[in-house]
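Down below is the structure, laid out as structure tokens.
The values are calculated or read from the model by the stated rules, or taken from the named source; none is laboratory data. Bear in mind the structure is a predicted one, so any value in this text is a computation, not a measurement. A quick note on method: Cβ atoms are made from the backbone with ideal geometry, for glycine too, and the neighbour counts reach across all protein chains shown.
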Amino acid sequence: MLNFSFHNPTKIHFGVGQIEAIKKEIPADAKVLVIYGGGSIKKNGIFDQVAAALAEHQWFEFSGIEPNPTYDTVVKALAVIKKHQVDYLLAVGGGSVIDGSKFISAAALFEGEDPWDIIAKRARIKAALPLGVVLTLPATGSETNAGAVITRNGHKLPFASKLVRPAFAVLDPSVTLTLSDRQVSNGVVDAFVHTIEQYLTYDVNAKVQDRFAEGLLQTLIEDGPKALAEDTREDLDIRGNLMWSATMALNGLIGSGVPQDWTTHMIGHELTGSYNIDHARTLSILLPSVLRNRRVAKREKLLQYAERVWHILDGDDESRIDQAIENTVQFFKEMQVPTSLKEVELDARHIDDILAKLKQHGMVALGEKRDVTLDVSREILEAAL
């Protein structure tokens, strides 16, 4: 196991009816900005629950955070913060709303001239407004981590700071019952690939992290399809296990002391930034191709994945690896997401543009051993056609 330091101070309130907990988490004298997306929370009752919990607080609204939040949208919140002297943020939504709120949190107290420097120049974040979360779409794990991704002019770029990690997060499984099948499937797939990126690399004898990761993968495989099935889609135990799995997949625990890959994510960001493909769907398209391409480097962990996650015991090593990858593809299909570029109307003509974006963003040495060059990325994309 590699050396590591792990600290996650985000307080979790899990369970039905826990939205009311925000009244005790946010200081009574705080001026709160409630940040959300397209307004669905006003139709499904979540907004009313938040409003009731904030009845004794002074609060304001900022809406319109889109999927894959854009700089041009989130930066508009700064004027609202300045006008009302807001000193606490509450993100009500999924990963996009939370990521956008993290940027707003940092940008509000940024001392430089241009907040975009936080991302473009990796300018130091010295202070940030406190942030709380009411999670409505489990997927990204952003509710308990320090990272975020913002898009500007087709460039989807990450930033991270411990100062933007949420102080608390409310995880109420019942709020996920109004999600569309597409949102549910995207969330499950995103959590699945988050786990894979931290697990399926090379062995460092990190038994605890491996067993945690394998448990998350098995839970997602078992309960993901049930959340789409007619007779089990409203089962709160299933929704709760999926919600908690998504949080645990990227709260820092399973990634501590182990090598991490993120090739699938980095190439996937370019597909989202350039062609507006759902983030999770870029992952389901790319991961099988990444695993096939990197099967030699990932051999030991692929065999472990085959045995422990898919219970594949028969056949020689190569056939077991083949079956594990094929099972992964079939799981994605069961979750109703694409597994090839042609399914999202991309073909070989688009590959050069994707590679140019990777080069522009410095993504020229990806993977756990930094040996996924642009040539290898080309191979991955060509095999995903």
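Among the residues of the range 81-97, are any within 18 Å of the chain's Cα centre (by Cα), charged (D, E, K, R) and under 20 Å from Val134 (Cα atoms)? Talk me through it step by step, then tell me what you get.
Taking the range 81-97 as the starting set, the residues that turn out to be within 18 Å of the chain's Cα centre (by Cα) are 91-97.
Those still in the list that are charged (D, E, K, R) too: none.
The answer is no; no qualifying residue exists.
Is there a residue being closer than 17 Å to Ile325 by Cα and of a type in the set (Asp, Glu) anywhere in the range 198-208?
No; the residues of the range 198-208 include none that is closer than 17 Å to Ile325 by Cα and of a type in the set (Asp, Glu).
Determine whether Arg308 is within 23 Å of Tyr199 (Cα to Cα), assigned by TED's automatic domain parsing to the domain that holds Ala191 and of a type outside the set (S, T, N, Q).
yes
Out of Ile19, Ile65, which single residue is in contact (Cβ under 8 Å) with a residue 40 or more places away in the chain and surrounded by 19 or more Cβ atoms within 10 Å (Cβ to Cβ)?
Being in contact (Cβ under 8 Å) with a residue 40 or more places away in the chain and surrounded by 19 or more Cβ atoms within 10 Å (Cβ to Cβ) holds for just one of Ile19, Ile65, which is Ile19.
Within the range 193-219, restricting attention to residues that are among the aromatic types (Phe, Trp, Tyr) and out of contact with any Pro (no Cβ under 8 Å at 6 or more places or on another chain), which residue is surrounded by the most Cβ atoms within 10 Å (Cβ to Cβ)?
That would be Tyr199.
Within the range 166-188, how many residues turn out to be farther than 30 Å from Ala128 by Cβ and either crowded, with 23+ Cβ neighbours inside 10 Å or without any contact (Cβ under 8 Å) to a residue 60 or more places away in the chain (or both)?
4
Given the condition part of a loop (DSSP other than H, G, I, E, B) and surrounded by 15 or more Cβ atoms within 10 Å (Cβ to Cβ), answer yes or no: does some residue in the range 50-57 qualify? Write out each step before concluding.
Filtering the range 50-57 for residues part of a loop (DSSP other than H, G, I, E, B) gives 54-57.
Checking which are surrounded by 15 or more Cβ atoms within 10 Å (Cβ to Cβ) leaves us with 54, 57.
Yes - at least one qualifying residue is present in the range 50-57.
Do we find that Thr282 is crowded, with 16+ Cβ neighbours inside 10 Å and within 28 Å of Glu345 (Cβ to Cβ) in this structure? Don't jump to the end; show me each part of the working.
Details: crowded, with 16+ Cβ neighbours inside 10 Å: yes; within 28 Å of Glu345 (Cβ to Cβ): yes.
The answer is yes for Thr282.
Out of the residues in the range 140-165 that are of a type in the set (Lys, Arg) and modelled with pLDDT of 95 or more, which is surrounded by the fewest Cβ atoms within 10 Å (Cβ to Cβ)?
The extreme case among them is Lys162.
Could you list, in sequence order, the residues of the range 199-219 that are part of a helix (DSSP H, G or I) and either in the same structural domain as Ser40 (by TED's automatic domain parsing) or more than 21 Å from Gln330 (Cα to Cα) (or both)?
Passing the criteria: Lys207, Val208, Gln209, Asp210, Arg211, Phe212.
So, in the range 225-236, exactly how many residues are assigned to a helix (DSSP H, G or I) and either touching a residue at least 24 places away in the same chain (Cβ under 8 Å) or over 20 Å from Asn186 (Cα atoms) (or both)?
Number of matching residues: 3.
Can you go through Ala206, Ala227, Ala249 and tell me which one is of a type in the set (Gly, Ala, Ser) and closer than 18 Å to Ser142 by Cα?
Exactly one of Ala206, Ala227, Ala249 is of a type in the set (Gly, Ala, Ser) and closer than 18 Å to Ser142 by Cα, namely Ala249.
What residue, of Lys23, Lys31, Lys42, is within 20 Å of Gly100 (Cα to Cα), charged (D, E, K, R) and out of contact with any strand residue (DSSP E or B) (no Cβ under 6 Å at 6 or more places or on another chain)?
Just one listed residue meets the conditions, Lys42.
Looking at Glu222 and the list (1) of a type in the set (Asp, Glu); (2) surrounded by 17 or more Cβ atoms within 10 Å (Cβ to Cβ); (3) in a helix (DSSP H, G or I), which single condition is not satisfied?
Tallying (1) of a type in the set (Asp, Glu); (2) surrounded by 17 or more Cβ atoms within 10 Å (Cβ to Cβ); (3) in a helix (DSSP H, G or I), Glu222 fails exactly one: (2).
Which condition from (1) over 19 Å from the mean Cα position of the chain (by Cα); (2) in contact (Cβ under 8 Å) with a residue 12 or more places away in the chain; (3) not in a helix (DSSP H, G or I) is the one that Gln260 breaks?
Result: Gln260 passes all but (1).
Give me the residue from the range 23-41 that is under 23 Å from the mean Cα position of the chain (by Cα) and assigned to a helix (DSSP H, G or I) and, out of that set, surrounded by the most Cβ atoms within 10 Å (Cβ to Cβ).
Ile41
I'd like to verify a number: residues in the range 341-383 that are touching a residue at least 24 places away in the same chain (Cβ under 8 Å) and touching a helix residue (DSSP H, G or I) at 6+ places or on another chain (Cβ under 8 Å), how many?
Residues meeting the conditions: 26.
So, Leu2, is that one touching a residue at least 40 places away in the same chain (Cβ under 8 Å) and buried (at least 20 other Cβ atoms within 10 Å of the Cβ) or not?
So Leu2 fails the test.
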